[in-house]
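Shown next, in structure tokens, is the structure this report addresses.
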Amino acid sequence: MLTFEQYVERRIKNKKYKIRKELGHQVITGGKHRNARRAAFFKSQEGKQQLEIAYRGNQELQELYHNRRSPMLKAEYEHYVHEVNMLKERKNLEEKRRILREDILKEIPENPIDLYPRARRMHRHFILHAGPTNSGKTYEALEEFKKAENAIYLAPLRLLAFEVFEKSNQAGVPCNMVTGEESIVMPGATHQASTVEMLSVLKDYDLAVIDEAQMIEDADRGGGWTRAILGVPARRIHVCLAPYATDLLVQLITACGDTYEIVEHHRATPLEMEKGHFSFPKDVSDHDALILFSKKMVLACAAELQREGISCSVIYGSLPYDVRTREVDRFLRGENQVIVATDAIGMGMNLPIRRVVFLENEKYDGENKRPLNAKEIQQIAGRAGRRGSFDIGYYTAQFDKKQIDEEVYAVIAPIHQAVLKFPEELLGLNGLLSETLSQWDKMASDELYTKAKIEREIKLCKQLEKYTSDKELIYQFLTIPFNERSPELYGIWMRLFQSEVEGIGTPLDELLPDVYGKEPLATLELKHQICDLANFYMTRFGSDEDLPKILERKREISDRMAEILGEQNLPMRHCEMCGKELAWNNPYRICNACHDKKLAQPWLYRSSKRREGRGRR
């Protein structure tokens, strides 16, 4: 890097060169051998005199000569130093990234199957149960599960793990339940029901059941199924899946050197589109499942039905699983006439549904609102017509019945890639964890595998690295599942992390939310999620003695939520401006009258919003 004096001398030299070049173009404008003629001119006495006059007449050059210590020149030099340093840092960073990419390639086996040596030492036999929804494929696998000496069931949802846990214990087969949120240990248990992410690949089993394995292509959670297929150390493995995932599973099993057989399952009851137009709520009948794609719409629809005197159960993704279980039980017992649900109903829930009604045919997928695809429609519509309850299953839609009908019978193309999770073996590499995550994310996928989406993890990791570079600690917090879009949950998560960085921890009493007499469903749901976050934190950083207190508070919250839903008196939606009642499916938060008023007098609305903001401050 140049010193300040050298920087000034270079600036003078460059300026002189520019002045000479401009003067040369003015004196000799064209013709042959221009450059040679200009060089000869500047060697002449006249040329030297004109050049000297040009130098003296240039204010910038004179400033460089006579005001070498001016603040402006020093500021320019500091900017030059900053640019040079930035260039060096970029080159160093590029070199570090190159080395990191090479290290990643060294650490990761060329074939992902080599990440699971315990499974490679076993001879494993797979039974692939391929069939549509409601074809009995999981039933057959679970019958053998109960007969095994020791076995594990891997589910996509806590609700399904809990269902297998309950049925196994009722059948006299001691079974534990292990999910990310809680563990229930039964005396003398030889079996385990878990969510797929909780699989230990260091424990041998006689038998394993992997449910809903078509989710192996899911960009967020598919890595759990890939890990289970490649790494579960069990001699017999039942895999329940949709037919379009069969080819990919066969390729993975063959790559592992294991054997397989395919058992095809077919629906025991036919599935038909119901004729005629469906009008809500007039045409709602007993044993209907009304499908929407957001919690807000599910609750609004349920409130409308309840006002019409139609009792209903509600199911949506963020509803605590024990509350879901009670809602399902009410529907099973006939206490509630219909069920209103999101697509959470399509995953493994075997209910006595006569007809599935799509009240919406679009869903928000986290990025965009898009039409339902054939996989989603077939998974949900297939819930109609449970064997033993109905001879025929029906489906219909309030809008665009033709699209729904076409997709129910569409042939779904086979999936070709399994999703791989970020390998924990890379935590020991040099450099920041966020950089390791980013470089792994940028690496090319191959024909059989693709990488899980980790944009969320990279973003959160960069936030945590502001407080520490401890990669093990950061990774433990990154793998705690919570809704980072919730300001309350994000704030608690950050506070817990900071307390671990400072080495002081957070007592349970500061985490557990209190439950009051009457609280809205949304508030109770948030408190339940805070308890889930507390459970993860205490499991990893606290004391096992605190876990029963968390479970007790969760049950208290769930009891209150179940009580609210059981009252069959959910609130209707109201305009946020005037309080007028809104239609359950109104896409906006204000009524038409208030919307027109807002358009006609926008200044009044803006000023009221500013007054509200000042009041809150």
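The values are calculated or read from the model by the stated rules, or taken from the named source; none is laboratory data. Source: prediction; values computed, not measured. All Cβ positions, even for glycine, are placed from backbone atoms using ideal geometry, and neighbour counts span all protein chains on display. Remember, those area values only see protein heavy atoms, side chains included, never the ligands or the DNA or RNA. Shrake-Rupley method; radii C 1.70, N 1.55, O 1.52, S 1.80 Å.
Descriptive notes on the structure:
- The C-beta contact set for segment 429-449 (first residue more than 22 Å from CYS461 (Cα to Cα), second residue of a type in the set (Ser, Thr, Tyr), distance under 8 angstrom, 6+ apart or interchain) comprises TYR449/THR226.
- Looking only at segment 178-194, and only at residues there that are modelled with pLDDT under 95 and under 20 Å from TRP225 (Cβ atoms), the one that is surrounded by the fewest Cβ atoms within 10 Å (Cβ to Cβ): GLY180
- In segment 574-602, the residues that are buried (at least 16 other Cβ atoms within 10 Å of the Cβ) form Cβ pairs under 8 Å with partners that are acidic (Asp, Glu) and at pLDDT 90 or above, at six or more places apart or across chains, as follows: CYS575/GLU581; TRP584/GLU304.
- Residue in segment 553-573 that is assigned to a loop (DSSP other than H, G, I, E, B), under 25 Å from THR479 (Cβ atoms) and touching a helix residue (DSSP H, G or I) at 6+ places or on another chain (Cβ under 9 Å) present: no
- Test: residue in segment 410-419 that is at pLDDT 90 or above, assigned to a loop (DSSP other than H, G, I, E, B) and touching a strand residue (DSSP E or B) at 6+ places or on another chain (Cβ under 6 Å): yes
- Among the residues of segment 288-315, those that are within 18 Å of GLU525 (Cα to Cα) and of a type in the set (Val, Ile, Thr) comprise VAL298, VAL314, ILE315.
- Any hit, segment 443-452, residues being farther than 30 Å from ASP283 by Cα, within 17 Å of the chain's Cα centre (by Cα) and open to solvent by 60 Å² or more (accessible area, probe 1.4 Å): no
- Test: residue in segment 377-386 that is over 30 Å from LEU93 (Cα atoms), assigned to a loop (DSSP other than H, G, I, E, B), open to solvent by 50 Å² or more (accessible area, probe 1.4 Å) and at pLDDT below 95: yes
- Test: residue in segment 253-263 that is open to solvent by 50 Å² or more (accessible area, probe 1.4 Å) and within 27 Å of the chain's Cα centre (by Cα): no
- Residue within segment 290-309 that is closer than 30 Å to ILE237 by Cα and open to solvent by less than 20 Å² (accessible area, probe 1.4 Å) present: no
- For segment 511-530, the candidate set comprises residues that are over 28 Å from the mean Cα position of the chain (by Cα) and open to solvent by 50 Å² or more (accessible area, probe 1.4 Å); within that set, the residue that is farthest from ILE550 (Cα to Cα) is LYS518.
- Restricting segment 408-428 to residues that are under 30 Å from GLU457 (Cβ atoms) and of a type in the set (Gly, Ala, Ser), the residue that is surrounded by the most Cβ atoms within 10 Å (Cβ to Cβ): ALA418
- Counting the residues of segment 466-494 that are among the charged types (D, E, K, R), open to solvent by 40 Å² or more (accessible area, probe 1.4 Å) and more than 17 Å from ALA534 (Cβ to Cβ) gives 4.
- The residues of segment 113-140 that are part of a loop (DSSP other than H, G, I, E, B) and more than 24 Å from ASP391 (Cα to Cα), listed by number, are TYR116, ARG121, MET122, HIS123, ARG124.
- Matching residues in segment 195-204 - criterion: being open to solvent by 30 Å² or more (accessible area, probe 1.4 Å), of a type outside the set (Gly, Ala, Ser) and free of Cβ contacts under 8 Å to residues at least 60 places away in the same chain: GLU197, MET198, LYS203
- Subset of segment 170-191 that is aliphatic (A, V, I, L, M) and not in a loop (DSSP other than H, G, I, E, B) - its residue that is farthest from the chain's Cα centre (by Cα): ILE184
- Among the residues of segment 64-106, those that are open to solvent by less than 100 Å² (accessible area, probe 1.4 Å) and not in a helix (DSSP H, G or I) comprise ASN67, ARG68, SER70.
- The numbered conditions (1) exposed (fewer than 15 other Cβ atoms within 10 Å of the Cβ); (2) touching a Pro at 6+ places or on another chain (Cβ under 9 Å); (3) among the hydroxyl-bearing types (Ser, Thr, Tyr) are all true for TYR139 except (2).
- Test: residue in segment 527-536 that is out of contact with any Pro (no Cβ under 7 Å at 6 or more places or on another chain) and closer than 30 Å to LEU429 by Cβ: yes
- Residues in segment 313-323 that are in a helix (DSSP H, G or I) and open to solvent by less than 20 Å² (accessible area, probe 1.4 Å): TYR321, VAL323.
- Selection count, segment 384-416, where residues are touching a helix residue (DSSP H, G or I) at 6+ places or on another chain (Cβ under 6 Å) and of a type in the set (Lys, Arg): 0
- Under the condition of being over 17 Å from ALA245 (Cα atoms) and of a type in the set (A, V, I, L, M, F, W, C), the residues counted in segment 125-153 number 6.
- Only one of ASP329, ASP405 that is open to solvent by less than 60 Å² (accessible area, probe 1.4 Å), under 24 Å from ALA300 (Cα atoms), at pLDDT below 95 and not in a loop (DSSP other than H, G, I, E, B): ASP329
- Any hit, segment 141-158, residues being under 30 Å from CYS256 (Cα atoms), hydrophobic (A, V, I, L, M, F, W, C), assigned to a helix (DSSP H, G or I) and touching a helix residue (DSSP H, G or I) at 6+ places or on another chain (Cβ under 9 Å): yes
- Those residues of segment 29-63 which are open to solvent by 80 Å² or more (accessible area, probe 1.4 Å) and outside any helix (DSSP H, G or I), in sequence order: THR29, LYS32, HIS33
- Residue check for LYS21: open to solvent by less than 80 Å² (accessible area, probe 1.4 Å), closer than 30 Å to LEU87 by Cα and in a helix (DSSP H, G or I): no
- Taking every residue in segment 524-545 that is closer than 17 Å to ARG485 by Cα and pairing it with any residue that is in a helix (DSSP H, G or I) and small (Gly, Ala, Ser), at least 6 positions away or on another chain, the pairs with Cβ-Cβ distances below 9 Å are HIS528/SER558.
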